[in-house]
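Trainee: I'd like to ask you about the structure that follows.
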Amino acid sequence: MANHSLKDKVVLIAGGAKNLGGLLARDLAEHGARAIVVHYNSASSKADADKTVAAIKALGADAIAIQGDLTKGAVVEQVFAAAKAQFGQLDIAINTIGKVIKKPMLETSEAEFDEMDAVNNKSAFLFLKESGKQLADNGKVVTIVTSLLGAFTPFYSTYAGNKAPVEHYTRAAAKEFGARGISVTAVGPGPMDTPFFYPAEGAEAVAYHKTAAALSAFSPTGLTHIEDVVPFIRHLVTDGWWITGQTILINGGYTTK
C-alpha cells in the first residue's frame, strides 16, 4: 500500500550515528525515505554521525545530524523541533539508544542506577511522549529494548530493569496515539555483534552467548547481527503498520548464565 511506503517520509533516529542506528539510517534512505535525522549524544560520536549523513546523501536522501542528551526533556523537545524545522514534518521516530552494565545488584551504586535509569528508562519515556506530540498522523514509533525482558538471569538488574518499563510505555502510547493512526512497537534483540555488547561481557560470557541461542549455529558469530534486525524494523515502519502496542523479542539467547 502506497500509504505505508517510505516514499516522502522523514525519519528521526535517536542514536543514529553508528551500529544499529547507523545501519538503519542508511537502509531507510536506500529504501526511499526522503530525509533522515541522525541524532547522536556525545561529541565522540560526531565523526560517525557525519559519515552516516554523508552516506545517506550519497543514497539520494537528505539528512542532518543533531546532537543532544535525551535524558533531558527540554533537549528532547529541541531535537524534535529542529528536525521538523528542517524538513517540515516527522513521520517515523526510532529510538536505539541504551546503556548497559553487567553487575551484581549488591555491587551497583546509587549513582550507577540513576545513570542507567536516565538513559534506558527516562529517555525512552520522553522520546515516546515527544513522538506523540510531533509525529504526523499515521506515523510509526519503534523503541529498541532487549530480549532480557523475557529472560531469567542475574547481573543485568539495572539494564533490563530500566528497559522493562518501556513495555508499558509502548502499550500506553499505542492506546493514546492510536486514534491518529500511529503505531508504537518495541523490539528486543538478543545479544548483538556490535561494540555495544562486548565491553560489558567477560570472555566466558561472550563464549556462552555465542552458543546459547537455538539459532547460534546459523550465525557467523553465534550472535544476532544488526543486518538481520534492520529489515524487521523496516517492516514495522512500512508494511507492519497494523502491529502496535507490542514488544517483539528477536533471537533471544539469554537463560541463567
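Computed from the coordinates by the stated procedures, all read-outs in this text should not be read as laboratory data. Here the structure is a predicted model, which is why all the values come from computation and not from measurement. Please note: Cβ atoms are built from the backbone with ideal geometry, for glycine as well, and neighbour counts cover all protein chains shown.
Trainee: Name the shape class, rounded, prolate or oblate, that the alpha-carbon gyration tensor gives for the range 1-78, where a ≥ b ≥ c are the square roots of its eigenvalues, rounded holds for a/c under 1.5, and otherwise prolate holds if a/b is larger than b/c and oblate otherwise.
Mentor: It is oblate, given that a/c is not under 1.5 and a/b is not larger than b/c.
Trainee: Moving on. One quarter of the convex hull surface, Cα atoms only: what value does that give for the range 112-155 in nm²?
Mentor: Details: hull surface 16.4 nm².
Mean shadow area of the hull around the Cα atoms is 4.1 nm².
Trainee: Out of residues 5 or more away from residue 138 or on other chains, whose amide H comes under 5 Å of its own, with H placed 1.01 Å from N in the peptide plane?
Mentor: Residues meeting the amide H criterion: 181, 182.
Trainee: Let me ask another. Viscosity 1.567 mPa s, temperature 4 °C: give me the Stokes-Einstein translational D for the range 56-144 in µm²/s, with Rh taken as the Kirkwood radius over C-alpha pairs.
Mentor: Estimated via Stokes-Einstein, D reaches 88 µm²/s.
Trainee: How do 105, 116 rank when sorted from fewest to most other Cβ atoms within 10 Å of their own Cβ?
Mentor: Ranked by crowding around the Cβ, least crowded first: 105, 116.
Trainee: So which aspartates and glutamates pass the test for residue 103, namely a Cα distance under 19 Å, with those fewer than 8 places away in the same chain ruled out?
Mentor: Output for residue 103: 112, 114, 115, 117, 201, 204.
Trainee: Around residue 11, what is the net charge, scoring Lys/Arg as +1 and Asp/Glu as -1 over all other residues with Cβ under 13 Å from its Cβ?
Mentor: +2
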